[in-house]
Amino acid sequence: MAKRTKIKELLNSSAFGSEVIVKGWVRTFRNNQFIAINDGSTINNIQAVVDYTNTDEALLKRLTTGAAVSITGELIESLGKGQKVEVKVKQLEILGDSDAEKFPLQPKKHSLEFLREIAHLRFRTNTFNAVFKVRHALAFAVHQFFNERGFVYLHTPIITASDAEGAGEMFRVTSLDFDNPPRTEEGHVDFKQDFFGKSTNLTVSGQLEGELAAMALGEIYTFGPTFRAENSNTTRHLAEFWMIEPEVAFADLNDNMQLAEDLLKYVIAYALKTCPDELEFLKTRLLEEEKQKPQDERAELDLLAKLNFCLDNNFERLTYTEAIEILKNSNPNKKKKFKYLIESWGADLQSEHERYLVEKHFKKPVILTDYPKDIKAFYMRQNDDGKTVRAMDILFPGIGEIVGGSQREERLDLLEKRMNEMHIPTEDLYWYLDTRRFGSAPHAGFGLGFERLVLFVTGMTNIRDVIPFPRAPKTAEF
Ligand code: ATP
Ligand code: MN
């Protein structure tokens with residue numbers, strides 16, 4: 001196949017007079033002569049100029065939005081505004097027609113809600129081109145960060161028989177006949193006859209398996225899909241999302257917080273460096289979106305300023321107990337503006353509280369530590385006060401919780417006691433407890449929700465717009 005040059009390369013070229021081949025999809029065709037073409041290599045289009053007096057009229061009619069074309073022509077300096085180069089068409093071939101009457105994307109602004117309904121085609125818009133480029137850059141940067149520090153990328157299972165959080169909300173995996181499953185004598189479904197000989201589900205976290213490896217390899221991370229059947233129809237929850245979970249031996253909560261802060265800053269800096277066009281475009285998109293809002297609800301900083309601000313400032317660190325005091329005395333609490341009022345120590349923080357702390361009180365990312373043990377998972381290290389655990393959540397502006405982590409309870413007796421209190425079967429998790437039986441050591445880790453990170457960096461507002469094929473309640477198209 002004749003070799004094409006990518007549009008990204010052509011736009012930066014000054015090899016005027018040379019013959020080039022451009023392949024891409026038509027975005028617009030104006031004045032019967034200007035074709036704007038995009039091939040995905042950049043969010044910017046290249047303009048091809050066709051001499052309509054010497055081109056078959058039937059061919060010109062096929063230059064519709066969405067059509068795939070191959071153009072051979074001369075790279076010339078552009079006289080028009082807004083572009084440096086353009087292509088003077090010598091030969092035009094339509095690779096695939098796109099019926100203008102039926103193609104749902106028109107050269108105008110579509111709402112994100114509408115595009116969500118045609119998510120199979122939304123890749124062809126500038127917004128989603130930019131979002132998925134940034135998503136890629138962030139994923140790549142995550143691997144680069146850990147690789148540079150000597151972490152091992154560990155693939156934890158997707159199908160598991162354990163519930164890492166002890167919180168339920170799992171998707172079951174079975175090959176039993178749904179209409180007529182085998183039954184035990186007591187009438188329960190007999191999972192002994194299921195594929196794995198036991199009841200299994202899709203993983204909600206790779207942490208427990210990650211700990212097993214960290215207690216030998218030293219420093220590991222996972223980066224894979226996780227699944228939660230939580231019926232929360234919010235702009236921050238998906239049923240299938242990607243999580244990054246490092247686990248580090250011989251680390252305490254301070255090391256853990258520092259690792260998370262370093263990781264976040266590293267990947268944000270990487271996106272700023274490698275995706276300037278995309279982030280500039282997304283900044284403008286967000287400014288447009290914010291114009292719909294009343295003045296006092298608009299963000300103080302634009303997208304790029306917000307990202308740079310995040311790099312330039314240390315995250316604020318305080319305990320849950322200190323945060324509760326701030327929230328109790330806050331204006332929205334006194335004036336009963338919070339949906340869930342903070343009355344006493346022990347309350348779980350809702351997203352409205354997290355966002356108050358980050359956006360109104362501290363105006364920067366916040367790390368909360370030492371939460372009440374009753375609102376946290378069984379494996380978190382217990383503090384001497386008997387009430388709190390060595391947990392940390394990182395809260396981000398516009399997002400709320402982006403990271404959840406802890407120092408792990410490495411003392412077998414205390415861990416077993418806590419599991420019993422929380423009705424977590426110690427026999428089923430014998431393999432997890434073995435790490436505490438044989439050479440136990442302090443260790444810590446966290447989970448970073450990848451889509452929440454992409455939300456933050458792209459300035460998008462709905463988590464369904466930062467994953468190519470969102471899975472949410474009643475949403476599993478494509
Ligand atoms: P939230 O309170 O926001 O539901 P969580 O406490 O359930 O979060 P963890 O179990 O600690 O979250 O998971 C670790 C990280 O995974 C979170 O900090 C968040 O970034 C991300 N996360 C959790 N649930 C979801 C979800 N349903 N969709 C997308 N990301 C999620
Ligand atoms: Mn949750």
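Every read-out reported here was derived from the displayed coordinates using simple, explicitly stated rules and does not represent laboratory data. All of these numbers come straight from a predicted model, not from anything done at the bench. In this analysis, Cβ positions are derived from the backbone assuming ideal geometry, glycine residues included, and neighbour counts consider all displayed protein chains.
Just to verify a result, which residue in the stretch 224-269, among those that are among the aliphatic types (A, V, I, L, M) and within 8 Å of ligand 1 (Cβ to nearest atom), is nearest to the chain's Cα centre (by Cα)?
So in the stretch 224-269, the residues among the aliphatic types (A, V, I, L, M) come out as 229, 238-239, 243-244, 248-249, 251, 253, 257, 259-260, 263-264, 267-269.
From what's left, within 8 Å of ligand 1 (Cβ to nearest atom): 238-239, 243.
On the way: Leu238: 10, Ala239: 13, Met243: 8 Å.
Taking the candidates together, the pick is Met243.
One line per residue, one yes/no per condition, for (1) within 30 Å of Lys360 (Cα to Cα); (2) polar (S, T, N, Q); (3) within 30 Å of the chain's Cα centre (by Cα):
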site	(1), (2), (3)
Arg381	no, no, yes
Asp385	no, no, no
Phe396	yes, no, yes
Gly400	yes, no, yes
Glu409	no, no, yes
Leu414	no, no, no
Pro425	no, no, no
Tyr430	no, no, no
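When the residues of the stretch 216-255 are narrowed to those that are touching a Gly at 6+ places or on another chain (Cβ under 9 Å) and polar (S, T, N, Q), which ends up nearest to Gln350 (Cα to Cα)?
My answer is Thr226.
So is Val454 closer than 26 Å to Leu349 by Cβ, β-branched (Val, Ile, Thr), within 16 Å of ligand 2 (Cβ to nearest atom) and out of contact with any Pro (no Cβ under 8 Å at 6 or more places or on another chain) or not? Spell out the reasoning first.
Values: closer than 26 Å to Leu349 by Cβ: yes; β-branched (Val, Ile, Thr): yes; within 16 Å of ligand 2 (Cβ to nearest atom): no; out of contact with any Pro (no Cβ under 8 Å at 6 or more places or on another chain): yes.
Taking the combined requirement at face value, the residue does not satisfy it.
Can you tell me how many residues within the stretch 232-266 are surrounded by fewer than 17 Cβ atoms within 10 Å (Cβ to Cβ), farther than 26 Å from Phe309 by Cβ and either of a type in the set (Asp, Glu) or out of contact with any His (no Cβ under 9 Å at 6 or more places or on another chain) (or both)?
Applying the first criterion (surrounded by fewer than 17 Cβ atoms within 10 Å (Cβ to Cβ)) to the stretch 232-266 yields 232-235, 250, 252, 254-255, 258, 262.
Filter once more, keeping what is farther than 26 Å from Phe309 by Cβ: 232-233, 250, 252.
Still in the running and either of a type in the set (Asp, Glu) or out of contact with any His (no Cβ under 9 Å at 6 or more places or on another chain) (or both): 232-233, 252.
Going through the stretch 232-266 one residue at a time, the tally reaches 3.
Could you pull out the residue among Pro470, Pro425 that is within 30 Å of Phe128 (Cα to Cα) and either of a type in the set (A, V, I, L, M, F, W, C) or in a loop (DSSP other than H, G, I, E, B) (or both)?
Values: Pro425 fails: within 30 Å of Phe128 (Cα to Cα).
When all the criteria are applied, what remains is Pro470.
Given (1) basic (Lys, Arg); (2) in a loop (DSSP other than H, G, I, E, B); (3) more than 20 Å from the chain's Cα centre (by Cα), identify the lone condition not met by Lys192.
(2)
Listed here are the residues, each with its yes/no results for (1) in a strand (DSSP E or B); (2) of a type in the set (A, V, I, L, M, F, W, C).
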| residue | (1), (2) |
| --- | --- |
| Lys3 | no, no |
| Val20 | yes, yes |
| Trp25 | yes, yes |
| Thr28 | yes, no |
| Asn32 | no, no |
| Ile35 | yes, yes |
| Lys81 | no, no |
| Lys90 | yes, no |
| Ala100 | no, yes |
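Checking Gln407 against (1) outside any strand (DSSP E or B); (2) surrounded by 21 or more Cβ atoms within 10 Å (Cβ to Cβ), which test does it fail?
Only one criterion is unmet by Gln407, namely (1).
Take the residues in the stretch 370-382 that are touching an Asp or Glu at 6+ places or on another chain (Cβ under 8 Å) and either of a type in the set (Asp, Glu) or assigned to a strand (DSSP E or B) (or both), then tell me which one is surrounded by the fewest Cβ atoms within 10 Å (Cβ to Cβ).
Gln382
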